[in-house]
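Colleague: The structure is given below, and queries will be raised subsequently.
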Amino acid sequence: MVRKDDYEQISDDEDYEVVPLTPLRRLEKRITSMESSKSFTNMERMMDKILDMVELNQRIVDEMVKANTSLRGDLATLIGKIDSLQGKLTSFIDIVEEAGKEDVDESEAVSALRGMVVPLVKSITDANDKLLKSNESISENLSTIDKRLKRSGSASTQSAQAASPFQTQQQTAQQNPYGGV
């Protein structure tokens, strides 16, 4: 059973941190072994190694600070470029939206125009068909009239020739188109 007395109470004024004990225990064992051996060279070597580790740690920290500073500068530049890109994309999207609206307006105008033009074209086509039929009918009638006139004209010419001994100039030209009598 664990009692409260087993633990030390930490007040709010005191700072504390949680540190893994394994590396510290190893260092403590090495220090005690060095102290027990009373070897000055071992201790000196240990101190050199510790100092080397501290120096290496300090170099790593310095490089990290430089890398962080450089990264901050790059990020500041990147933020400016992203803002510029965002502005360009916004203007591009506005242009695309405007073009889309114009296309919609044009297609609506084309649809409205088609709605007006299609009936007109249909009525013009119907009128053309009626005119074509009417022209064919007139052509047939004219052809029939022409045939009747030719029949009646040749009958009247023959009766006129029989009635008149003199030929008219028109009749002479019809009979002899090259000017002969």
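The values are calculated or read from the model by the stated rules, or taken from the named source; none is laboratory data. Treat the numbers as computed from the prediction; the structure is a model and nothing was measured.
Colleague: Would you point out which residue out of Ser164, Ser139, Ser84 is modelled with pLDDT of 80 or more, over 31 Å from the mean Cα position of the chain (by Cα) and of a type in the set (Gly, Ala, Ser)?
Modeller: Details: Ser164 fails: modelled with pLDDT of 80 or more; Ser84 fails: over 31 Å from the mean Cα position of the chain (by Cα).
When all the criteria are applied, what remains is Ser139.
Colleague: Please state which of the following conditions Lys133 fails to meet, knowing it meets all the rest: (1) modelled with pLDDT under 90; (2) of a type outside the set (S, T, N, Q); (3) assigned to a helix (DSSP H, G or I).
Modeller: With (1) modelled with pLDDT under 90; (2) of a type outside the set (S, T, N, Q); (3) assigned to a helix (DSSP H, G or I) applied to Lys133, the lone miss is (1).
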